[in-house]
Amino acid sequence: MITRWLSGRLARSLDDRLRVAPVLRRALAKVFPDHWSFMFGEIALYSFVVLVLTGVFLTLFFEPSTADTVYSGAYAPLDGSRTSAAYASTVRLSFDVRAGLLMRQTHHWSALLFVGAIVLHLLRVFFTGAYRRPREINWLIGVTMLALALFNGFTGYSIPDDLLSGTGLRILYSVTQSIPLVGEWLVFLAAGGEFPTAELVPRMFVSHVLLVPAVLAALIAAHLGILLRQKHSQFPGPGRTENNVVGSRFWPSYTVRTLALFAWVLAVAFALGGLAQINPVWIYGPFDPAQAISPAQPDWYVAWGDGALRLFPAVEFRVFGRLVPSPFLPGVVFGGLTFAGLYLWPFLERRRRRRRDRLAHQLLDPPRAHPARIGFGVGVLALFAVLLAAAADDILARILRLPVLHVLSILRVLALALPVSAGVVAYLVARALRAGGGRGIGELTRSDVRSAMRFGSRAGGVSTGVGDPSPVATAEPAAGSHDAARIELWRDPDGLWRWRYRDAVVVLAASQAYRSRPEAERAAATAYGDLPAREVAPSGGRTGEPAAMRERAGRIAGRAGGYLALAAVALWRGRRARRRPPP
Amino acid sequence: MTGRGTPDRRERVSSAVVAAAFGVSALGAAGFAAVYATGGQTQLEGLTLAVAFAGIAVGLSVWARRLLPTGGYVEEHEPFDSPPADLRLAAEALTGPESPVRRRGLLAMLGLALGALAGAALFPLRSLLPFDRQRPARALRTTPWAAGVRLVRADGTPVRPADVPDGTVLTVFPQGHRSRGDVPAFAVRLDPARFTAPPPGGTVAGVVVYSLLCTHAGCPVALYLQGTARVLCPCHQSTFDLLAGARPVAGPAARPLPGLPITVDVEGYLVATGDFTAPPGAGFWSLR
């Protein structure tokens, strides 16, 4: 009761000053599609929040300097030893600052989650064709954020100035140095001299805690703003068209669901940060240019680059008598091609079509609808999987009890063979699935696959065109339900107009109410074109629900508050009992 | 929601679960505070915080799944081509009579001014380069190793040829330059009869000295394989054959390790007779 009165007061006083009601009404009724694969972006967003929160804590204790200092503190093996201030403060942060290790490890784990969620989100967007017009801008922003996330992850684990990350830093320095013509100048600009320099740690620190996070925050805002404006795409299904969004409303369903997801991300990050050790720099020791650590692996999201450096044969050549060193091709060219490919993909794919695809797409492709896309995507994924394995070739050699150079040869063969074979298999499976209709991979028969391998003929209903839109999973509602589909309009006792879509399979209520019948009719016509609309008697259904929901919510809040109060009283009494002097 | 079994009971159970989850969360938060206050313990801190957040997560998830409607709503999605009238009006507003777009001459001069500023803004980038104004190619090519510079161990003590042990490598530095990035070298004792190519830096009583930095990406080639007299880089597994002038035999490195020309001084200590036979570490454009 009180909370309702309070929130009412607050809303009214805000509205008096900002006139938020018209905007708020629409925002609360915004519809989000219900599909688990849409959560990855949210997980990335919430990981970013965790990163900022824990990162702020860390900056209060970390000293970004390579100045000589003496560590003295709780970690006995290093007590009294001379190291850089960055390294000493990291050890102090881990052992002498209370909850410092928890925050540091949670920060590192969240970074891994952050990049992981971004990559899964990217894969979802890629395999469902969500990057197509009108969403190319958000694809470009997303790829930029991935690049920034990789860079910030790298600077983040490099600033403690420990032996492992210092070696990684030296590798990145060497790779940048290998760029023809400008490489030497680039590394001197970035590092202020020949590796290792005193400027490197403070510069990486500023980039890590200020520049890149600020750009990321701005890009996240742009990403979400564009998403709100363009609305979500959705998978094809009954009642779903190119001109509507079907799902649950932002308030209350998605608000509660997304907050739940935020809490899950926090729970997982802190559980990992507390229970799973990560980057124990006190074991690696401080950086020393004359020492190395073995085995040495970077964080997973840059390991593909390290794997490429390990796998690529020793190729150096000269241009005009100048040297192009061996890290150039696998490091600079391969990394550059990866991101150039990501940036250009939506435009490349659009050009490749026979008819240039200039249509706006709100309906996603089921992955099988584009065998060429899925084949290419799976092939590239397989290559990156091999590169990730290659970054751990010394560990693999230890596990398999093989000489590391044999493991390297095997991986070189795999890096060529696996992407091609995985891509071809994915391509054929997608073709077979597309020809066979809505069945899963487990139900494919040999004849399905065989007919998928037949090219050039239209036998068996297999479409020949590699890139043409799927003939099976189409945008239109299923043919059977289309006849029965209709729009129903009604006027509620409160004087507002509502409408719903009804066919043989689903009933979908309009997410908001309208003040006049023409307004409601226009919205229905936007969503469903010229489906027959007719007026019906008002029904209790949806409109009756919010009151009941509110009541339930109130009851839960009341009960939770009660338990809390009980616990607080018990705690307080317990303390008093302990404090009281014994009689 | 309604019309499924006994909604009241379902609802009561669900709301009890939600309330209990929030209660557990509060206990987790209190537990975290208690652990922190009593001295802190990383695992318990993480566990209690995780319980606190997981309680909220479970509560909200159950709330959303059981007590709130899922799906069933539709929102119209208007196409993104603006009505022609809007387009025309927007274009008119942008390019109207008093619009700055029409002042071509002024715009050109403004462009010039901004371009000049942008160009000038590039100059402070020079401040990021080293203060000693050394050209990168020169800095990368040279090291403090020079004629007469003694080889010292990590602790600064000079090395006699006899101090180089059998069966392992000894990391050496130029006297007075312990922490520079491009100086580390290693001395190793080999049987000159096994040489298939002469060591570039020469040999003193079977001792040869090479740069420690891999010619691929600059990692220290710290793993010595005694039987084959090879060194292996732990970063990318480049392998160098010390019997063949430190020629790369496997992995991504393409150039041999530079040798350090050595001799012994009057006191019998190892000294360099010059810089490395080639620039140490990773390659670069100006390296011919």
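The values are calculated or read from the model by the stated rules, or taken from the named source; none is laboratory data. Worth saying up front: this structure is predicted, and the values here are computed from it rather than measured. For neighbour counting, all protein chains shown are included, and Cβ atoms are generated from backbone atoms with ideal geometry for every residue, glycine included. Note: accessible area is taken over every heavy atom of the protein model, side chains too, but ligands, DNA and RNA are not part of it. Shrake-Rupley method; radii C 1.70, N 1.55, O 1.52, S 1.80 Å.
Overview of values
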{"read-out": "Relative contact order computed over chain A (Cα-Cα under 8 Å; 6+ residues apart), in percent", "value": "15"}
{"read-out": "Sorted peptide list for B:196-204, A:86-94, criterion being average Cβ within 10 angstrom, highest first", "value": "A:86-94, B:196-204"}
{"read-out": "Cβ-based charge dipole, the range B:137-288, positive-most Cα from B:V221, B:A137, B:T196", "value": "B:A137"}
{"read-out": "Shape metrics for the range B:219-288, restricted to C-alpha atoms - Rg then Dmax, Å", "value": "13.8, 41"}
{"read-out": "The range A:1-99: C-alpha gyration tensor shape, a/c 1.5 cut-off, then a/b vs b/c", "value": "prolate"}
{"read-out": "Cα lying deepest toward the dipole's positive end in the range A:47-112, options A:P77, A:T66, A:H108, charges on Cβ", "value": "A:H108"}
{"read-out": "Charged-residue dipole, Cβ positions (Lys, Arg, Asp, Glu), chain B about Cα centre, Debye nearest 20", "value": "420"}
{"read-out": "Overall form of the range A:365-461 per C-alpha gyration tensor (a/c, 1.5; a/b vs b/c)", "value": "prolate"}
{"read-out": "For B:L223, residues with placed amide H under 5 Å, excluding near neighbours", "value": "B:L232"}
{"read-out": "Net charge dipole size for the range A:365-461 [Lys, Arg +1 and Asp, Glu -1 on Cβ; Debye, nearest 20]", "value": "380"}
{"read-out": "For A:L411, solvent-accessible area (1.4 Å; no DNA, RNA or ligand), Å²", "value": "10"}
{"read-out": "Nearest 10 degrees, 0 to 90: helix B:42-66 Cα axis against chain B principal axis", "value": "30"}
{"read-out": "Length-normalised contact order for the range A:365-461 - Cα pairs under 8 Å, 6+ apart - percent", "value": "35"}
{"read-out": "Environment charge at A:L489 (Cβ cut-off 12 Å; Lys +1, Arg +1, Asp -1, Glu -1)", "value": "+3"}
{"read-out": "Degrees, to the nearest 10: B:104-122 long Cα axis against longest axis of chain B", "value": "50"}
{"read-out": "For B:38-51, mean number of other protein chain Cβ atoms within 10 Å", "value": "6"}
{"read-out": "Semi-axis lengths (Å, descending) of the ellipsoid that matches the C-alpha gyration tensor of the range B:7-66", "value": "29, 9, 5"}
{"read-out": "Peptide-level mean, for A:280-293, of C-beta atoms on other protein chains within 10 Å", "value": "4"}
{"read-out": "Positive-end extreme of charge dipole, the protein assembly as shown - chosen from A:A397, A:L363, B:M109 (charges on Cβ)", "value": "A:L363"}
{"read-out": "C-alpha long axis of helix B:84-94 to longest principal axis of chain B, angle in °", "value": "60"}
{"read-out": "Accessible area (Å², 1.4 Å probe, nearest 10) - B:W63", "value": "50"}
{"read-out": "Per-residue average of Cβ from other chains inside 10 Å of A:523-531", "value": "2"}
{"read-out": "Relative contact order (%) - the range B:137-288, alpha-carbon pairs under 8 angstrom, separation at least six", "value": "27"}
{"read-out": "Simple spin-label estimate for B:S179 and A:V536 in nanometres, 7 Å along Cα-Cβ", "value": "7.9"}
{"read-out": "Shape call, the range A:494-540: gyration tensor on alpha carbons, a/c limit 1.5", "value": "oblate"}
{"read-out": "Convex hull projection area averaged over all views, the protein assembly as shown, Cα basis, nm²", "value": "51.6"}
{"read-out": "Assigned charges on the beta-carbon of Lys, Arg, Asp, Glu; the protein assembly as shown dipole about Cα centre (debye)", "value": "2360"}
{"read-out": "Space enclosed by the convex hull of the alpha-carbon atoms of the range B:137-288, per residue, Å³", "value": "102"}
{"read-out": "Dimensionless Rg ratio for the range B:1-117, taking C-alpha atoms and the 2.2 N^0.38 Å reference", "value": "2.25"}
